[in-house]
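Since the structure comes first, as structure tokens, the remarks are kept for the end.
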Amino acid sequence: MEQNRFKRLWQHWKYPRWRVEKFFPTADLERISREIGFSEQKHAGQIRFVVESRYANSEILANVDPHTRALQWFGQLGVWDTEHNSGVLVYVSFADHVVEIVADRGVSRKVPQEKWQEICDLIRESFRKEEYIQGLENGLQAVSHVLAEFYPRELNTIYRDDLDNDVMMV
């Protein structure tokens, strides 16, 4: 177990934020952020993206895994606190090569977990090819499609944009 912990520490040390930011140009992230806003006009969901380059050493030593970290961001960013319980977080742990999707209870009741896993796999496949922006774009399109299918807008209902649309790089 200790050897795996050291291996994971090394994996995270290799990906400081400045290095990971090179794979995600600001102009591309700003464009994707605008696309998030446009996509939210087609369904009742609220989408947030977080790309985390690496964890602090203390988090690795405490065995924080990507799913736990995604749940932490879900809470910290208030993705759970949308008016229609429609928040969806797409979380990327770059150093761990893991993608997690966490959906609020309103969406979770309607969308099977397998759908989210398919989208995670889709994003990871693009990342394997070092097509990072394409991976985020593919993920956004897939999440939007799923939300439009399972969580469409209702007529005569007002939908606020409860969450910031910016792709977060941390």
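The values are calculated or read from the model by the stated rules, or taken from the named source; none is laboratory data. In this text, all values refer to a predicted model and were calculated from it rather than measured experimentally. So basically every Cβ, Gly included, is an ideal-geometry build from the backbone, and we count neighbours across all protein chains shown. Calculation scope for accessible area: heavy atoms of the full protein, side chains included, ligands and nucleic acids excluded. Shrake-Rupley method; radii C 1.70, N 1.55, O 1.52, S 1.80 Å.
Among 106, 95, 67, whose Cα sits farthest toward the positive end of the charge dipole of segment 64-113 (+1 at Cβ of Lys/Arg, -1 at Cβ of Asp/Glu, about the Cα centre)?
It is 106, whose Cα lies furthest towards the positive end.
Would you calculate a helix-derived [θ] at 222 nm for the chain, using -39,500 (n - 2.57) for each DSSP H run of n ≥ 4 and dividing by the full residue count, to the nearest 500?
-15000 deg cm²/dmol
How far is helix 66-76 tilted, in degrees, relative to the longest principal axis of the Cα atoms in the chain, given as a value from 0 to 90 rounded to the nearest 10?
Tilt relative to the chain: about 50 degrees.
Would you kindly state how much longer the chain becomes between residue 72 and residue 110 on full extension, computed as 0.36 nm times their sequence separation minus their alpha carbon distance, in nm to one decimal?
Length gained between residue 72 and residue 110: 11.4 nm.
Please give the net charge around residue 67, taking every other residue with its beta carbon less than 14 angstrom from that of residue 67, where Lys and Arg add +1 and Asp and Glu add -1.
-4
Can you give me the long-range amide H partners of residue 98? Hydrogens built in the peptide plane at 1.01 Å from N, cutoff under 5 Å, separation of 5 or more residues or another chain.
93
Which of the peptides 36-47, 108-119 is most tightly packed, and how do the rest follow, judged by the mean count of other Cβ atoms within 10 Å per residue?
Result, highest mean Cβ count within 10 Å first: 36-47, 108-119.
With a ≥ b ≥ c taken as the square roots of the eigenvalues of the C-alpha gyration tensor of segment 54-129, please select rounded if a/c is under 1.5 and otherwise prolate if a/b is larger than b/c or oblate if it is not?
Oblate shape, in that a/c is at least 1.5 and b/c is the bigger or equal ratio.
Which FRET efficiency value, to the nearest 0.05, is calculated for residue 19 and residue 42 with the Förster distance at 22 angstrom and r the Cβ-Cβ distance?
0.05
Compute the FRET efficiency between residue 9 and residue 81 as 1/(1 + (r/R0)^6), taking r as their Cβ-Cβ distance and R0 = 30 Å, and round to the nearest 0.05.
Step by step, r from the Cβ atoms, then E = 0.35.
Lys and Arg at +1, Asp and Glu at -1: add these up for the other residues within a Cβ distance under 13 Å of residue 162 and post the number.
My count for the surroundings of residue 162 gives -4.
Quick check: pseudo-label points 7 Å beyond the Cα along Cα→Cβ at residue 170 and residue 149, how many nm apart are they?
A separation of 3.0 nm, rounded to one decimal place.
For residue 169, enumerate residues with amide H under 5 Å from its amide H, sequence gap 5+ or separate chain, H modeled in the peptide plane.
Excluding prolines and chain starts, which carry no amide H, the hits are 51.
Please report the carbon-and-sulfur percent of the accessible area for the chain; probe 1.4 Å, protein heavy atoms only, DNA, RNA and ligands left out.
That share works out to 50 percent.
When the dipole is taken about the Cα centre of segment 122-168, and only Lys, Arg (+1) and Asp, Glu (-1) are charged at their Cβ, what size is it in debye, to the nearest 20?
Numbers: 5 positive and 10 negative charges, 34 e Å.
Roughly 160 debye, rounded to the nearest 20.
Please compute P(r) over all alpha-carbon pairs of segment 88-170, binned at 5 Å starting from zero, and give each bin as a whole-number percent.
Pair shares across the bins are 3, 13, 24, 25, 18, 11, 5, 2, 1.
Below 14 angstrom from the Cβ of residue 152, what's the summed charge of the other residues (Lys, Arg +1; Asp, Glu -1)?
Around residue 152, the charge tally is 0.
Give me the dipole magnitude in Debye, nearest 20, for segment 1-120 about the Cα centre, with unit charges on the beta carbon: positive for Lys and Arg, negative for Asp and Glu.
260 debye
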